[in-house]
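I have placed the structure first, in the form of structure tokens, so that the comments after it can refer back to it.
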Amino acid sequence: MAFGQNVKYRLAYLFVAIVILFGTGFCLCYAQETSKQPAEMGELKLEGKYIERLILRCRDGQTERFDQPAEIIKLPAGEYQLMESRLKGGYTCYASGSNKDWIKIAADKQAELKVGAPLTKTLDVKRQGRVLQLDYKLLGMGGESYTNADRSKPPTFTVYKADKEIASGKFEFG
């Protein structure tokens, strides 16, 4: 008899445990479903041209990638930072750490991002005695720095003194 009662109690405990676990699991699933409310969406207007790919990083670490983005793109509300911009012709900007500006996307207001073409060639010249150090940069609309994946045709330069050419060469990548 004791064995029979012991089995009954074990079956009763097992039944109660199953009911509790099933109920808890159901509540957790319901809580997860209700927490997945659709995020408020905002708009970001891209000021530049010829953008083939745009990657933005949200403050929470998630990334949003846009291939062939339209002039206005929709994003969940939050703050974003430019990670990468790729333009037609192979020009790429990797903005890891160089662009510290955060773009705030709100549901009630359109944000703007200046990125991409037109590109501006810049040259920073520093004199060290008789040596000139030339630093070439290709800057986008927002001041982001671009490089070209095609390394076969580096930018060239020519130095003149009055009308006389005194030096010329090619820039090295890196």
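The values are calculated or read from the model by the stated rules, or taken from the named source; none is laboratory data. Note that the structure is predicted; figures quoted are calculated from it, not measured. For neighbour counting, all protein chains shown are included, and Cβ atoms are generated from backbone atoms with ideal geometry for every residue, glycine included.
Can you work out which of the residues in region 111-131 that are touching a residue at least 40 places away in the same chain (Cβ under 8 Å) and part of a strand (DSSP E or B) is surrounded by the most Cβ atoms within 10 Å (Cβ to Cβ)?
113
Name the strands (runs of 3 or more DSSP E) wholly inside region 44-86 in which the number of residues that are basic (Lys, Arg), at pLDDT 95 or above and not assigned by TED's automatic domain parsing to the domain that holds residue 107 is 1 or more.
none
Please enumerate the residues belonging to region 150-174 that are surrounded by 10 or more Cβ atoms within 10 Å (Cβ to Cβ) and among the hydrophobic types (A, V, I, L, M, F, W, C).
157, 159, 167, 171, 173 - these are the residues of region 150-174 that are surrounded by 10 or more Cβ atoms within 10 Å (Cβ to Cβ) and among the hydrophobic types (A, V, I, L, M, F, W, C).
I'm checking my understanding of the structure. Among residues of region 110-149 that are polar (S, T, N, Q) and in contact with a Lys or Arg (Cβ under 7 Å, 6 or more places away or on another chain), which one is farthest from residue 77 (Cα to Cα)?
Per the stated criteria, the residue is 133.
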